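Visitor: Mind looking over this structure? Questions follow.
The values are calculated or read from the model by the stated rules, or taken from the named source; none is laboratory data. Model, not experiment: these values are computed from the prediction. Note that each Cβ is placed from the backbone with ideal geometry, even for glycine, and that neighbours are counted across all protein chains shown. Side chains are part of the model used for accessible areas, which takes the heavy atoms of the whole protein and leaves out ligands, DNA and RNA. Shrake-Rupley method; radii C 1.70, N 1.55, O 1.52, S 1.80 Å.
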Amino acid sequence: MKALIPAAGLGTRFLPATKSQPKEMLLVVDRPAIQYVVEEGLASSADEVVIINSRDKKVIEEHFSPSPELVELLRARGKDAYADAVERVGNYNVSYVYQDEALGLGHAVHCAAEKTGDEPFYVLLGDVLVPDNNILPAMKEVSDAHGGANVIAVIPLPDDQVSRYGIIDGTQVSEGVWKIESIVEKPALEDAPSNLGSFGRYLLSPRVMEILATLEPGVGGEIQLTDALDAVLAEEEMYGLVIDPTDGFDTGTVECWLETNNVLYERMKARS
Ligand code: G1P
């Protein structure tokens, strides 16, 4: 089973900071944002993390490549803790596929179709950080309890945020678990079927990958993952797991990124 991390976006909301530096490499406390996401994928039941990259973001790949000279230099200077950190991140089991055109999240995910084959797969959006790595295992449990169903993480949203997310319609079947009947990408508040928005973590069946291959562009002219999720509901079950807002941190806007840095820094200090 693979964990897919789409990372080919332009980072428009962070310009000019992301003019020459990928948004995935922006610092969050002590690591680039994407390192949290890779570590979360590696801590899950996935056997490999696949970054769906763009060809001009090689710096992401450099971050996850071995740097023996730097490690040696740090050790020679007695900086073993830094050497260990550099060595560890250079040895993560990460591979890459490329999205050559920015045609949307659904298109990005489909670029990894050959990697996932006929297995279920996770999708982890890089805008959301889960430092305790606890959401994917909880989603897997819900999936296993429902015969291997599709599961997505959802979060209750204030009204002014609803039109930024994929919004579900469904019924609650147990504490924190919703059976999804439909999902719509970025609806206007008055059209939204609920205030539960998908929050960047997905456990999906291979059928979703097949549907993505045939999808027409949706909202914003992009091939939307949300549209494939809505389509698969005609054939398969899907559940929404409501996550605790203190488990997932949005870094998708400058404001959220700053807030996440503050909260995670305080948390790190409290734990050390
Ligand atoms: C994407 C998805 C959306 C989801 C959101 C979560 O939107 O299309 O369904 O709710 O991520 O962060 P984006 O933030 O890329 O516009």
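Visitor: Taking helices (runs of 4 or more DSSP H) that fall entirely within the stretch 73-131, which contain at least 1 residues that are within 17 Å of the chain's Cα centre (by Cα)? Write out each step before concluding.
Guide: Working: elements: 80-90, 105-110, 113-116.
Hits in the stretch 73-131: 105-110, 113-116.
To keep it simple, each residue is scored yes or no on (1) at pLDDT 95 or above; (2) over 29 Å from Gly218 (Cα atoms); (3) open to solvent by less than 40 Å² (accessible area, probe 1.4 Å).
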{"site": "Ala81", "(1), (2), (3)": "yes, yes, no"}
{"site": "Val86", "(1), (2), (3)": "yes, yes, yes"}
{"site": "Asn93", "(1), (2), (3)": "no, yes, no"}
{"site": "Tyr96", "(1), (2), (3)": "yes, no, no"}
{"site": "Leu105", "(1), (2), (3)": "yes, no, no"}
{"site": "Thr116", "(1), (2), (3)": "yes, no, yes"}
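Visitor: It is to be established whether one or more residues within the stretch 146-169 are under 20 Å from the mean Cα position of the chain (by Cα), of a type in the set (D, E, K, R), assigned to a strand (DSSP E or B) and at pLDDT 95 or above.
Guide: no
Visitor: Okay, moving on. Within the stretch 43-70, can you find the residues that are surrounded by 19 or more Cβ atoms within 10 Å (Cβ to Cβ) and of a type outside the set (Ser, Thr, Tyr)?
Guide: Across the stretch 43-70, the qualifying residues are Ala46, Val49, Val50, Ile51, Ile52, Asn53, Lys57, Ile60, His63, Phe64.
Visitor: Of all residues in the stretch 209-254, which are more than 14 Å from the ligand (Cβ to nearest atom), under 24 Å from Glu114 (Cβ atoms) and of a type in the set (Asp, Glu)?
Guide: Once the filter is applied, which keeps residues that are more than 14 Å from the ligand (Cβ to nearest atom), under 24 Å from Glu114 (Cβ atoms) and of a type in the set (Asp, Glu), the stretch 209-254 yields Glu210, Glu216, Glu235, Glu236.
Visitor: Asp230 is checked against (1) in contact with a Pro (Cβ under 9 Å, 6 or more places away or on another chain); (2) outside any loop (DSSP other than H, G, I, E, B); (3) open to solvent by 40 Å² or more (accessible area, probe 1.4 Å) and fails just one. What number does that condition carry?
Guide: Single failed check for Asp230: (1).
Visitor: If you check every pair at least six apart or on different chains, which have Cβ atoms under 6 Å apart with a residue in the stretch 117-139 that is more than 21 Å from Val232 (Cβ to Cβ) and within 16 Å of the ligand (Cβ to nearest atom) first and a residue that is assigned to a helix (DSSP H, G or I) and open to solvent by less than 40 Å² (accessible area, probe 1.4 Å) second?
Guide: Close Cβ pairs satisfying both conditions: Gly126/Glu24; Gly126/Ile34; Gly126/Val37; Leu129/Tyr36; Val130/Glu40.
Results for (1) among the polar types (S, T, N, Q); (2) out of contact with any Leu (no Cβ under 6 Å at 6 or more places or on another chain); (3) not in a helix (DSSP H, G or I), shown as yes or no for each residue.
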residue: Leu4; (1), (2), (3): no, yes, yes
residue: Gly9; (1), (2), (3): no, yes, yes
residue: Pro16; (1), (2), (3): no, yes, yes
residue: Glu24; (1), (2), (3): no, yes, no
residue: Val37; (1), (2), (3): no, no, no
residue: Glu40; (1), (2), (3): no, yes, no
residue: Ser45; (1), (2), (3): yes, yes, yes
residue: Asp56; (1), (2), (3): no, yes, yes
residue: Val59; (1), (2), (3): no, yes, no
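Visitor: Right, here's the next one. Quick one: which of Ile183, Ile167, Ile155 is without any contact (Cβ under 8 Å) to a residue 40 or more places away in the chain and within 13 Å of the ligand (Cβ to nearest atom)?
Guide: Values: Ile183 fails: without any contact (Cβ under 8 Å) to a residue 40 or more places away in the chain; Ile155 fails: without any contact (Cβ under 8 Å) to a residue 40 or more places away in the chain.
Result: Ile167 is the single residue among Ile183, Ile167, Ile155 that is without any contact (Cβ under 8 Å) to a residue 40 or more places away in the chain and within 13 Å of the ligand (Cβ to nearest atom).
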